[in-house]
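Okay, structure first, notes after.
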Amino acid sequence: MIFDAPIPFREAVKQLAARKVMPTSLSSSELAQLNREVMRTSFTSARTTLEGLLERYKVGVESILNPQQVLREGATQTVTEGMDPASLRAFIKGYLKEIQYRPEEGTEGTIKDLSSDARINLVVKTNVELAQGAGKFVQGNADEDVVDLWPAWELVRYEDRDEPRDWAQRWRLAAQVAGDPKAAACLGLSGRMCALKSSGIWQALGDGEGGYEDTLGNPFPPFAFNSGMWCDDVSRKEATDLGLIEEGAEAKPAQFDLGSLFKEAA
Amino acid sequence: MSVTIEVTQDKATPAIEKLKKRLTPQRLASAAGPACARLVQRHFRGLGTNKRGWPSTHFWARAARATFWSREPEGVMVSVNQIGVRQRWLGGQIKPVNARALTIPVSPVAYGHRASEFPGLFLLKTKKGAYLAQRGVEGARAEKISAKLRKTLIHSMGGNANRRQRARLNILFKLSSGVDQAPDPNVLPAMTELSATATQAIKEAIAR
């Protein structure tokens, strides 16, 4: 194993690079109405018309995704350099101070205040996770052998929440809309939210089927803003044991144009 | 004596060809890569939150999401692209860069934040060392600060807002010229565990 030269998560970095900065005055619910492909290839944030701010976010998110090895002056060993969410937050606050940004009266410290911790944390977290989620989605679906040996995903909680959203209920509704009784049965029988990669349940979860308005429109995690949920790979043996696929049956990738994730926005 | 064997139906060749297809380096990497990456991700998720019980920055969940695998000429590489993971694993010195001192959080309010995010910080020198502190709101009020700055102070304090508002002084960071962090081999799963996971995944791929 090599530890001193990290390999970039190519798919995630490439997906982020393809996303074009899109200043907008639209709210998050209005943005959700836009064409999914436009949203997937845009780097935007609700009611953010400051292009310079979005550019800085994009640079920072890339730095989080893809830290670099550098040899500092006088040192004999390289160190990893890059941003973390805290340093990016400080960077963004510094920029907003520089341009003398002032939040609207009465919105100070709220999610509508572009300089608030809550707002910056959400933008950073969502965009880092979107790139990582897209990268994982591409890596899990693009290769025939990977799909054959790892034909399913499992929706799992990566981060605890004080008031977690009811993902089991979302799962059941999404399974119903996607017409995937095996996914619903898997939850009922094993308590696990597993489904084949080819199932429509992933897009249904991202679309918020059942009336959820916090979703991001993608068939890959994080599915919804600040969800704390992620996907793990499920092996063929596990998928067979869970009743998702017959032994020896052909596994299929997601019905999704993976190339569309890397097309630069018009 | 001579024996003549006539092969009328060759079942061996297709079976061998099928097996050969399953034994390509690419396919074996496709078996072992996701298996090892998943093991590392699950391990990270099991590392829990910070020892002090402060509000979590979800460091290990972020590390799990930053974990991925790739095919390499020698086999498979699992990478964790997150600042801080290698430091925790291998340990070593941390020295200030572009600053005269490191700022070590000593309060849940400061944890996961940079000193530059707190307005009105001042240096407090004690026998135990130097600290960056922020006046509590009462203290700030006594100095007749503007209503706007007071509001900003309350927002930036977080934590137990009532207690912090009553406090005269909030000590947020300790200043340090550098730290020497001990390595923690438990940051990653044991090599034997990684090896066993890869072997099992390869066995399943061959048996498929």
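The values are calculated or read from the model by the stated rules, or taken from the named source; none is laboratory data. These figures come from a predicted structure and were not determined experimentally. Virtual Cβ from ideal backbone geometry, glycine too; neighbours counted across all protein chains shown. Quick note on the areas: whole protein, heavy atoms, side chains included, nothing else; ligands and nucleic acids left out. Shrake-Rupley method; radii C 1.70, N 1.55, O 1.52, S 1.80 Å.
Per 0.36 nm of contour for each residue apart, how much would the distance between residue A:37 and residue A:107 grow if the chain were fully extended, relative to their Cα-Cα spacing?
Length gained, residue A:37 through residue A:107: 22.1 nm.
List the extent of the Cα atoms of region A:124-252 along each of their three principal axes, largest first, rounded to whole Å.
On the principal axes, region A:124-252 reaches 41, 29, 23 Å in Cα extent.
Take the Cβ-Cβ distance between residue B:3 and residue A:237 as r, set R0 to 41 Å, and report the resulting FRET efficiency rounded to the nearest 0.05.
Calculated transfer efficiency: 0.40.
Report the residue, chosen from B:13, B:67, B:192, that carries the largest GNM mean-square fluctuation when chain B is represented by alpha-carbon nodes joined by springs under 10 Å.
Maximum among the listed residues: B:13.
Give a residue-ordered list of calculated ³J(HN,Hα) values for region B:83-96 (Karplus: 6.51 cos²θ - 1.76 cosθ + 1.60, θ = phi - 60°; whole Hz; x for Gly, Pro).
Karplus-based 3J(HN,Hα) across region B:83-96 equals 4, x, 6, 4, 4, 5, 6, 8, x, x, 7, 10, 10, x Hz.
Can you work out the base-10 log of I(q)/I(0) for region A:203-248 at q = 0.30 1/Å, using the Debye formula on its C-alpha atoms alone?
-0.94
Pairs of alpha-carbon atoms within less than 8 angstrom and 6+ residues apart define the contacts here; what relative contact order does chain B have, in percent?
28
Could you work out the percent of alpha carbon pairs in the protein assembly as shown separated by over 45 Å, rounded to a whole number?
Above the 45 Å cut-off, the protein assembly as shown has 19 percent of its Cα pairs.
What is the set of long-range amide H partners of residue A:42 at a cut-off below 5 Å, with H atoms built 1.01 Å from backbone N?
Those qualifying (amide H under 5 Å, at least 5 residues apart or on another chain) are A:20.
Keeping all protein chains in the complex and leaving out DNA, RNA and ligands, what accessible area do you get for residue B:62 with a 1.4 Å probe, in Å² to the nearest 10?
We get 50 Å² for residue B:62.
Take every residue in peptide B:78-86, count the Cβ atoms of other chains within 10 Å of its Cβ, and give the average of those counts.
So the per-residue partner count for this stretch is 6.
Once you compute Rg and the Kirkwood Rh from C-alpha atoms, what is the Rg to Rh ratio for chain B?
So for chain B, dividing Rg by the Kirkwood Rh gives 1.29.
On the full set of protein chains, 1.4 Å probe, figure out the accessible area of residue B:19 and give it in Å² to the nearest 10.
80
Under the Karplus relation 6.51 cos²θ - 1.76 cosθ + 1.60, θ = phi - 60°, what is the ordered set of whole-Hz ³J(HN,Hα) values for region A:180-192, x standing for Gly and Pro?
Working through the residues one at a time gives 10, x, 5, 5, 5, 5, 4, 5, x, 8, 10, x, 10 Hz.
Report the per residue volume, in Å³, of the convex hull enclosing the C-alpha atoms of chain A.
Spelled out: Cα convex hull of chain A, divided by residues, is 154 Å³.
By the scheme Lys and Arg +1, Asp and Glu -1, what is the net charge of all other residues having a beta-carbon under 11 Å from that of residue A:150?
-4
Rounded, prolate or oblate, given the Cα gyration tensor of region A:1-129, with a/c below 1.5 counting as rounded?
Note, shape of region A:1-129 comes out oblate.
Near the amide H of residue B:173, under 5 Å away, which other amide H atoms are found, from residues 5 or more places off or on another chain, if H is placed in the peptide plane?
Excluding prolines and chain starts, which carry no amide H, the hits are B:106, B:132.
In the Gaussian network model of chain A, springs joining C-alpha atoms below 10 Å, which of A:215, A:24, A:78 carries the largest mean-square fluctuation?
A:78
Hey, what number do you get for chain B at 222 nm if only DSSP H runs of n ≥ 4 count, each worth -39500 (n - 2.57), divided across all residues, to the nearest 500?
The helix contribution divided over chain B gives -12000 deg cm²/dmol.
Averaged over A:77-86, how many beta carbons belonging to a partner chain fall within 10 Å of each residue's beta carbon?
Mean shielding count: 4.
How big is the Cα convex hull of region B:1-66 in projection, averaged over all directions, in nm²?
Reported value for the Cα convex hull: 8.4 nm².
What average count of beta carbons from other chains do you get within 10 Å of the Cβ of residues in B:110-121?
3
Using θ = phi - 60° and the Karplus form 6.51 cos²θ - 1.76 cosθ + 1.60, what ³J(HN,Hα) does each residue of region A:253-262 get, whole Hz, x for Gly and Pro?
So the Karplus estimates, Gly and Pro as x, are x, 5, 7, 7, 7, 4, x, 5, 6, 10 Hz.
When chain B is treated as a GNM, springs tying every alpha-carbon pair under 10 Å, which of B:25, B:105, B:189 comes out with the largest mean-square fluctuation?
B:25
First check a/c for region B:22-130, with a ≥ b ≥ c the square roots of the eigenvalues of its C-alpha gyration tensor; if it is under 1.5, answer rounded, and if not, answer prolate when a/b is larger than b/c or oblate otherwise.
Here region B:22-130 falls in the prolate category.
Can you pull the percent of Cα pairs in region A:60-150 with separation above 21 Å?
53
Quick one: net charge of residue B:123's neighbours, Cβ under 12 Å, K/R +1, D/E -1?
+3
At a Förster radius of 30 Å, what calculated FRET efficiency corresponds to the Cβ-Cβ distance of residue A:81 and residue A:20, to the nearest 0.05?
About 0.70, to the nearest 0.05.
Under a Cβ-Cβ cut-off of 11 Å, what is the net charge of the residues other than residue A:245 that fall near it, where Lys and Arg count +1 and Asp and Glu count -1?
Result for the neighbourhood of residue A:245: -1.
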